[in-house]
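*Asks:* Attaching a single structure in structure tokens format; questions to follow.
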Amino acid sequence: MDDVYLLKFGGNAIKGREDLARLSKEVASLIRDGARIVLVHGGGPEINAELEKQGIEPVKIDGVRVTDDATLEVTEKVLRAINGDVVAELQAAGVNAIGIPGHMVADFVRKAPYTKVIDGKEVTVDLINVGEVTDTHIDTVEDLLREGVTPVIYPIGADDDGRHLNVNADAMAAGIAAGIRCREMIQITDVPGILLDVKDPSTLQTNLTLAQVDELIAKGIISGGMIPKVDACRRALEAGVEKVRMVNGRDEKSIVSDIMQEGIEHGTLITK
């Protein structure tokens, strides 16, 4: 789908009503210029805050939240609330948006326990109620876009038994982007893109291949929370998405409104 862009963002990149209103206006502008948009959002900071308020300690392994039943209940409640806010701001900007959970547009399985080495010891990791995308309901997404509806998807999946699952938002975005073969998947982050020195914006890498990304990971330049994001980029590219872009949600000039303009370097563009 040459005119479809998938935008993924979370609470670290888009904070508060002002940021959300600005993003919504840019999305409205893109749609007026002929783009069709799918949005996927997370809500990590807001979920952490609510868990702590309820006395539940957030736990993550390899950037993925360990989700027991109590954590899942909080996660789903917070994500629904965020989704409502996103949809309201988009509608205020003139976008015909609808909020939906991931299980309405994709199929999922519960992530099986796996082993890894922690502090020199091999341990079994069980993320409990965490899911992975296995297939995308392409017709559902296409029908919404054809009717002029902008889907706003929050990362709650469900298995074949209807059991709800928490899904990493980056992984969900990649799975859906790959399924619909969108023109471009855009990761809206809290940094300008991939930097060789996180303290120096002039070290921004405007174009990278997956091989070059692997080199930066091996050197420790890409690390921590950036790794799940580039892994999501990799999955999308390997499944057929032409290109993935990482941009700064804190950029006051343009978050995404110039992505359709040829010749403009914006963020980090990753290709296969």
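The values are calculated or read from the model by the stated rules, or taken from the named source; none is laboratory data. Everything quoted here is computed from the prediction, not taken from an experiment. All Cβ positions, even for glycine, are placed from backbone atoms using ideal geometry, and neighbour counts span all protein chains on display. The protein model used for the area step is the full one, side chains on, heavy atoms only, and it has no ligands, DNA or RNA in it. Shrake-Rupley method; radii C 1.70, N 1.55, O 1.52, S 1.80 Å.
*Asks:* Under a crude label model (7 Å from the Cα following the beta-carbon direction), how far is Lys77 from Glu52 in nanometres?
*Replies:* If labels sit at Lys77 and Glu52, their model points lie 1.8 nm apart.
*Asks:* How long is the chain along each principal axis, judged by its Cα atoms, biggest number first, in Å?
*Replies:* Principal axes ranked by extent give 51, 41, 35 Å for the Cα atoms.
*Asks:* How much of the accessible area of the chain, probe 1.4 Å, is carbon plus sulfur, in whole percent? Don't jump to the answer; show the numbers that get you there.
*Replies:* Numbers: 5940 of 12730 Å².
That share works out to 47 percent.
*Asks:* Label-point separation (nm) for Arg146 and Ile227, each offset 7 Å from Cα along Cα-to-Cβ?
*Replies:* Placing both labels 7 Å along Cα→Cβ, they lie 4.3 nm apart.
*Asks:* Assign unit charges at the C-beta atoms only (+1 for Lys and Arg, -1 for Asp and Glu), then state the dipole size of segment 53-162 relative to its Cα centre in Debye, rounded to the nearest 20. Provide the component values of the computation, followed by the final result.
*Replies:* On the way: 10 positive and 21 negative charges, 91 e Å.
Computed charge dipole of segment 53-162: roughly 440 debye.
*Asks:* Relative to the Cα centre, what is the charge dipole magnitude of the chain, using +1 at the beta carbon of each Lys and Arg, -1 at the beta carbon of each Asp and Glu, and rounding to the nearest 20 debye?
*Replies:* Charge dipole of the chain: 360 debye, to the nearest 20.
*Asks:* Could you compute the FRET efficiency for Ala88 and Asp3, with r as their C-beta to C-beta distance and R0 at 25 Å, rounded to 0.05?
*Replies:* For Ala88 and Asp3, the calculated efficiency is 0.45.
*Asks:* Excluding Gln187 itself, what net charge comes from residues whose Cβ is under 13 Å from its Cβ, given Lys and Arg +1 and Asp and Glu -1?
*Replies:* That works out to +2.
*Asks:* Among Val167, Gly193, Val149, which residue has its Cα positioned farthest towards the positive end of the charge dipole of segment 134-206, with +1 placed on the Cβ of Lys and Arg, -1 on the Cβ of Asp and Glu, and the dipole taken about the Cα centre?
*Replies:* Gly193
*Asks:* Using a probe radius of 1.4 Å on heavy atoms only, what accessible surface per residue do you get for the chain? Whole Å² is fine.
*Replies:* Accessible area per residue: 47 Å².
*Asks:* Measuring from label point to label point, each 7 Å out along Cα→Cβ, what is the Val123 to Lys15 span in nm?
*Replies:* It is 3.0 nm.
*Asks:* Within 10 Å, count the other beta carbons around each residue, average over each peptide in 190-200, 225-235, and list them highest first. Write down the numbers at each step before the final one.
*Replies:* Values: 190-200: 15.8, 225-235: 20.1.
Sorting 190-200, 225-235 by mean packing, highest first, produces 225-235, 190-200.
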